[in-house]
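Working notes, structure below.
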Amino acid sequence: MDALYKSELEKITEGHIFYSFENKEAYLNNLISFILSGIENQHQILIIESMRYLPIVRATIDKLVSVEHQSTIRVVNNYEYYLSSGDFNTYTILTHFANDLSLLKKENSSIRTWAHVEWASSEPDAQLLMDFELSSDDFVLEERMLSVCAYSTKHLTSNLSVALEQSHKYVMTDETLSVSTLYKNEH
């Protein structure tokens, strides 16, 4: 990841980001940069991550983050969010999200979230996904928080990508970050 890109990601302190990733190493570097930037900005941090990457993320946090700052980070398994009550159950996702955020909320502290989004079916309903992400976008805007929704390009169709770009102010790849030209939130 080049320094210009990294500094651009670190400048954003609130907003909703759609991250379409291809490379595991770049993905993990971006996630760690997101965490370290959050600590620097004195944010509470929620990481919703895949079982495949949880051991790496936790080990890296243990290595790079002081014990004092580790208390500002909550790392959870994304299975609880996206698969435990069936494939992509919006009610379950939002309930888990609200519960985890309530554990992090402290008076006058900002929150940032990173969610590695996955589903069991071969392809989720694009409209259902967009409705969910638009609800999430409203919540992110209302709470004035920073939220990254990370999706593997292996699982994205062009319809899903368009729906995600319409429901996120920013679009990110392993190497770029830009404002979405398709963003549709009227707030």
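The values are calculated or read from the model by the stated rules, or taken from the named source; none is laboratory data. What you see is a predicted model; the values in this text were computed from it and never measured. Because the Cβ atoms are built from the backbone with ideal geometry, glycine has one as well, and the counts that use them run over all protein chains shown.
Quick notes
- Of all the residues in segment 148-169, those that are within 22 Å of ILE39 (Cα to Cα) and either surrounded by fewer than 20 Cβ atoms within 10 Å (Cβ to Cβ) or in contact with a Lys or Arg (Cβ under 7 Å, 6 or more places away or on another chain) (or both) number 0.
- ASN99 meets all of the listed conditions (1) at pLDDT 70 or above; (2) touching a helix residue (DSSP H, G or I) at 6+ places or on another chain (Cβ under 7 Å); (3) assigned to a helix (DSSP H, G or I); (4) under 27 Å from LEU134 (Cβ atoms) but one, namely (2).
- Boolean, PHE34 is closer than 16 Å to ALA150 by Cα, among the hydrophobic types (A, V, I, L, M, F, W, C) and modelled with pLDDT under 90: no
- Checked against (1) small (Gly, Ala, Ser); (2) at pLDDT below 85; (3) not in a loop (DSSP other than H, G, I, E, B), ALA120 meets all criteria but (3).
- Some residue of segment 10-19 being aromatic (Phe, Trp, Tyr) and closer than 26 Å to ASN185 by Cβ: yes
- Hits in segment 153-172 (condition: aliphatic (A, V, I, L, M) and outside any helix (DSSP H, G or I)): LEU156, VAL171, MET172
- Pair list, Cβ < 8 Å and 6+ apart or interchain, from segment 140-152 residues that are more than 16 Å from TYR27 (Cβ to Cβ) and in a loop (DSSP other than H, G, I, E, B) to residues that are modelled with pLDDT of 90 or more and of a type in the set (D, E, K, R): MET145/ARG112
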